[in-house]
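These notes concern the structure reproduced below.
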Amino acid sequence: MGSERPAHRQRPHGRYDDGGIEDDNIQFNEQSLWSGDNNWDGDYKTGDHGFGSYRNFGELGVHFEPPVQHSDAVSAASDYKRSLDLLTGIYHLTFHQGGTLYKREAFASHPDQVMVFRYTASKKGRLSGHITLWSAQGARAKINAAADGLTFTGIMPNQLKYAAKAVIKTVGGQVIKPTTGSNGADSVLRFKDCQSITIYLDARTNYKPDYTAGWRGADPLPVIEKELHAAREKTYSQLRTAHIKDFSALAADARIQFGQTAPAVLALPTDKRKEKYAAGGQDPDLEQLVFQYGRYLLISCSRPGGLPANLQGLWNNSNTPAWASDYHNNINIQMNYWGAESTGLSACQIPLIDFILAQAEPCRIATRKAFGVKTRGWTARTSQSIFGGNGWEWNIPSSAWYAQHVYEHWAFTMDKTYLKDTAYPMVKEICNFWEDRLKERPDGLLVVPNGWSPEHGPREDGVMMDQQLVWDLFQNYLDMARALNIDKDYQIKIADMQRRLAPNKIGSWGQLQEWQEDKDDPNDQHRHTSHLFAVYPGRQISPTKTPKLAKAAIISLRSRSGNYGKNKNTKFTVESTIGDSRRSWTWPWRCALWARLGDGNKAGIMIRGLLKYNMFDNLFATHPPFQIDGNLGITGAMAEMLLQSQTGEINLLPALPDSWKPAGYFIGLKARGGFTVDCTWKNGKVTHYKIYAKNSQKVKLRINGKLQEIMSIAQK
Ligand code: FUC
């Protein structure tokens, strides 16, 4: 498959150096590099055909020739420091060697559609070496005629075309024209005696998110040539400034602050800080960093015009990634977007909406094949590819869950055109599916037939998560139809079906039941908390509106974390949260659930648990292996601790942990209804707040334990 690195590219110690002194290897991706074909019949084969998988694009190698940098570089490198600025999206690396300061900077520019890598030395002539470009799909890199770039192009077995190109610009010194043949995998581009080199890298495929076009569009190389040409016409500082402007416009929009970390801790590298924090140390700055990191990652992997974040977001160095690094719709892809609207990254949710739209037609075909030719609407299997592929088990309520995201993009933005032209027709079509599918029981109540509480228990009727998802779908439909004031008869019909849905139930040990039958086990720590969907991300259960069900949800949640049944009397801690409860995405889901249930301390424990058990030193979340839902989900969950708006009121500071209480603020979080909220607190009480909307309007506000009605301020 060409996935493994050729032997001659292995470092002697068997490990390739990313950010090394002599070698800098940049593994890169593009989200549409997938194997596989349309796969409507549900096989989950992840090879060249069938369902396929997301693939590694390749590596750009930068190799500095020995003696390492220059004759004065015989001494070892010192002061090595590598960092990432989350607000500008710029990577920095510095070190000293032999009296010279070496600097590296890199960024991936959305406005210019190129990746830029700059290497500089504080003294002239210090940089000599070569660059390589390696395809993980077997294409060979060639040096272009001008000898200032390396290119590879290829075609996957599924006929997807791909291409990548790296061009180099130097300051001082020179690029050396190759003397021998310019073909072959070993093609390298040499540079000599430079003070600075800048590499521009671009990679693309001919993927087009359009089923009717066979998922194929324009050839990638001409687009790459055009983009690289345009980028090279600009100065480095022009590119950098445009990137910072674009990135920070999103990243700096929302901020949270709740305490200072001791300077001695702040001075430590991230792995050491993580270690101390995992051992119980206080590091509010690290918690804030985890919040911003999720936003940084979403901004970096989910922009309008592109594909949504897959299981690894965008970052994949394998041709056989876990679960194909696909789009899993029984928690994962949804969780990826939990922080999008609430933390001011509404634009980053557009790729998800576009994906749902683009996949709807192949899903309709697959749905009709599986459920009968007359089936209206559509749904999907648990795993989805970018080519309409549906893999593994049917996840019958998945489209109802997608509908929540379609709805929320409107609920947060109040974008009427989007509501009318995009959201409403999509959600109505999904309602059609359920209108036909719901089954009437002898008692007159409606149940979802033949469901499956994700990966837990048997297939049967009336699984609570299914019931809750359909309730949520109908509620979202009704809110939209009422806002548009249309389809009155259908509204009546949907409202009637919603009323008749078999309701949530409280079982023998006070738990919220996962199934119709009271059979939940109080000692079961299964990772999915599916029957708590109604608490979060749903809105059917809340402490204020349905207090008895909320209490039952608390018992269920404790039990899932190993704090019920035989452990009922043990203290609820990070360490007591055991077994299958420790996954990339379990902590964020439970953090958001505790936030909705008003328990800030337990929500805080979930943040600590994620960092302690399911995060690597680079703070990527791990299932294991790396799975980005944990990163993107925890951002949304933390926002939920500070601000909620799912019950028709804005609730300030619904779930502050004790450690956040002394003093803090947040800026730029969003509430449903098109509101932006800033808030400052002291000793756990709100001291100042501002609520903005396009036009000043009435808002129900829960603040310091009281419900009030206020007027919002017209947009700042
Ligand atoms: C769901 C989860 C697993 C994993 C996989 C990618 O099926 O149950 O834990 O996250 O998705």
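For segment 206-261, the square roots a ≥ b ≥ c of the C-alpha gyration tensor eigenvalues yield an a/c of 1.5 or more together with a/b not exceeding b/c, which makes the shape oblate. Less than 5 angstrom separates the built amide H of Asp520 from those of Glu514, all sequence-distant by 5 or more or on a different chain. Across Tyr54, Tyr564, the residue with the most accessible area heads the list, and the full order at a 1.4 Å probe is Tyr564, Tyr54.
What is the angle, in °, between the Cα long axis of helix 284-301 and the longest principal axis of the Cα atoms in the chain? Nearest 10 is fine, range 0 to 90. The helix 284-301 is inclined about 80 degrees to the chain. Volume per residue for segment 296-381 equals 109 cubic angstrom (convex hull of Cα atoms).
Helix 424-437 and the longest principal axis of the C-alpha atoms of the chain enclose an angle of approximately 50°. Amide H contacts for His328 (H built 1.01 Å from N in the peptide plane; partners 5 or more residues away or on another chain; cut-off under 5 Å): Leu311, Ile333, Gln384.
Positive-end ranking of Ala411, Asn38, Leu701 along the dipole of the chain, with charges on Cβ about the Cα centre, is headed by Leu701. For the chain, averaging the sequence separation of C-alpha pairs within contact (under 8 Å, six or more residues apart) and dividing by the residue count gives a relative contact order of 11 percent. Computed per residue of the chain from DSSP H runs no shorter than four, each worth -39500 (n - 2.57), the mean residue ellipticity at 222 nm is -9500 deg cm²/dmol.
For segment 190-306, the normalised intensity computed at q = 0.10, 0.11, 0.21 Å⁻¹ comes to -0.59, -0.68, -1.18 (log10 of I(q)/I(0), Debye sum over alpha carbons, equal scatterers, no solvent). Using DSSP to define loop residues, name the trypsin sites (Lys or Arg not before Pro) in segment 301-398 whose beta-carbon has at most 13 other beta-carbon atoms within 10 Å. Counting only loop positions with at most 13 other Cβ atoms within 10 Å, the trypsin sites (Lys or Arg not before Pro) in segment 301-398 are Lys374.
So in the chain, what percent of DSSP beta bridges are antiparallel if you round to the nearest 5?
Taking every DSSP beta bridge with both residues in the chain, the antiparallel ones total about 95 percent.
Note on Thr320 and Met711: the model spin-label points, each 7 Å out from Cα along the C-beta direction, lie 6.6 nm apart.
Within the full protein context, the accessible area of Trp452 is estimated at about 60 Å² for a probe radius of 1.4 Å. The charge dipole of the chain, taken about its Cα centre with unit charges on the Cβ atoms of Lys, Arg (+1), Asp and Glu (-1) only, comes to about 1400 debye. In terms of overall dimensions, the C-alpha atoms belonging to the chain reach 84, 61, 53 Å along their principal axes, ordered largest to smallest.
Find the eigenvalues of the gyration tensor of the Cα atoms of segment 442-576, then list the square roots of 5 times those eigenvalues as equivalent ellipsoid semi-axes, largest first, in whole angstrom.
Whole-Å semi-axes of the equivalent ellipsoid: 31, 16, 12.
Normalised by 2.2 N^0.38 Å, where N is the number of residues, the C-alpha radius of gyration of segment 23-252 stands at 1.11. If you wrap segment 265-640 in the convex hull of its Cα atoms and look at it from every side, the mean projected area works out to 18.6 nm². The orientation-averaged projected area of the convex hull spanned by the Cα atoms of segment 648-716 comes to 4.3 nm². For the peptides 658-667, 352-361, 395-404, residues were scored by their other Cβ atoms within 10 Å and the scores averaged per peptide; the highest-first order is 395-404, 352-361, 658-667.
With N as its number of residues, segment 572-647 has a Cα radius of gyration that, divided by 2.2 N^0.38 Å, comes to 1.02. For the peptides 264-274, 32-42, 237-247, residues were scored by their other Cβ atoms within 10 Å and the scores averaged per peptide; the highest-first order is 32-42, 237-247, 264-274. The convex hull drawn around the Cα atoms of segment 351-391, when projected onto a plane and averaged over every direction, covers 2.7 nm². Using a 1.4 Å probe on the protein heavy atoms, what percent of the accessible area of the chain belongs to carbon and sulfur? With neighbouring chains kept in place, the figure for the chain is 52 percent. Trypsin sites (Lys or Arg not before Pro) within segment 383-462: which are DSSP loop residues with at most 15 other Cβ atoms inside 10 Å? Loop-located and lightly packed - Arg459. Couplings for segment 51-57, taken from phi via the Karplus curve 6.51 cos²θ - 1.76 cosθ + 1.60 with θ = phi - 60°, read 5, x, 7, 5, 10, 6, 7 Hz in order; Gly and Pro are left as x.
The slack in the chain from Gln159 to Ala146, taken as 0.36 nm per residue of separation less the alpha-carbon distance, amounts to 1.7 nm. Between helix 547-560 and the chain there is an angle of about 50 degrees, using the helix long axis and the longest principal axis of the Cα atoms.
The values are calculated or read from the model by the stated rules, or taken from the named source; none is laboratory data. Every value quoted in this text rests on a predicted model; they were computed, and no experiment measured them. Glycine also receives a Cβ, built like all others from the backbone with ideal geometry; neighbour counts cover every protein chain displayed. What goes into the accessible areas is simple: the full protein's heavy atoms, side chains included, and nothing from ligands, DNA or RNA. Shrake-Rupley method; radii C 1.70, N 1.55, O 1.52, S 1.80 Å.
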